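Worksheet for the structure shown next.
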Amino acid sequence: MYRHLMVPLDDSALSAETVPQAVQLARTLGAKVTFFHARADYGASSIGALERVMSPAAFNDNMAGEARAILAKAEVVARAAGVPYDSVVTTSDRPHEAILTTADARGCDLIFIASHGRRGIKGLMLASETQKVLQHTTIPVLVAAVESNLPTAQMMAPLAVIRDEHRSVAAVIHGFEFLVRHARDQGTPPSFPLLHAMLYYIKAFPETLHHPKEDAYLFRRLRARTHEFDATLDELQR
């Protein structure tokens, strides 16, 4: 049976919702998961090339930040489930080749991937990158969901966003705990500017961006539909 799953990810809601499915399968199988993201070659774009020259620090931050965030949120799910995991980022404008190369190099025996849907006539073909993976792979591929075939895709999108933001907060808290443990174990001061930034995020992000979404799109709608969850909602809002 499969022992090592490769899970390619992008920044979409569908990709975020694929993570719990892949982790649950890995847990059932007793398998390991490698989360993978292929970022576009930002440095090859006109803006990226200019930024590389004018502001190398900002260029490096832009190159690393988004990819690391995508993978950090996936890692939250694996840690919560007790599933061993690894994460890989590569720079490539041909994601299907990067997926297959990395899966082979890491010894993965199953690629667990979602598809965003068709290109052209509905239902005729999968999204182009998933289709290319299927055409060229020598490793089994499980297409977990095809977005255009999901009857509740639009209805589930707000919940996917809310869950993804939960993972963002959890990833920052995990990083905060790591810095504190490292400082304690090494007997050296932590990076206080970094700790300050993390604390600011934990305090500001939920109140200004996350909780208003829950109130408007989830809690209020649930209260209007049923009183069954009033006690739970009262506790969450408290």
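The values are calculated or read from the model by the stated rules, or taken from the named source; none is laboratory data. These numbers come from a predicted model, not from an experiment. Virtual Cβ from ideal backbone geometry, glycine too; neighbours counted across all protein chains shown. We work out accessible area using only protein heavy atoms, side chains counted, and drop any ligands, DNA or RNA first. Shrake-Rupley method; radii C 1.70, N 1.55, O 1.52, S 1.80 Å.
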Quick check: at a probe of 1.4 Å, how many percent of the accessible area of the stretch 148-238 sits on carbon and sulfur atoms? 62
Would you mind putting 75-86, 218-229, 131-142 in packing order, based on average other-beta-carbon counts within 10 Å, highest first? 75-86, 131-142, 218-229
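For Phe192 and Asp230, calculate 0.36 nm times their separation in residues minus their Cα-Cα distance, and state this gained length in nm to one decimal. Don't skip to the end; give the middle numbers.
Working: separation 38, 0.36 × 38 = 13.68 nm, distance 4.06 nm.
Additional length available on full extension: 9.6 nm.
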Expected field for Arg39, accessible surface area in Å² at 1.4 Å probe radius, rounded to 10, holds 60
Checking the cross-link filter: which aspartates and glutamates have an alpha carbon closer than 15 Å to that of Lys203, excluding same-chain neighbours under 8 positions apart? Glu165
Just to confirm my numbers, what's the Cα centroid distance between the stretch 86-114 and the stretch 177-238 in Å? 32
Gained length - Arg220 relative to Ala80, 0.36 nm times residue gap less alpha-carbon distance: 47.6 nm
Accessible-area order for Ser92, Ser115, largest to smallest, probe 1.4 angstrom, reads Ser92, Ser115
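For a Förster distance of 25 Å, can you work out the FRET efficiency between the beta-carbons of His136 and Ala157, rounded to the nearest 0.05?
Computed FRET efficiency for His136 and Ala157 comes out at 0.25.
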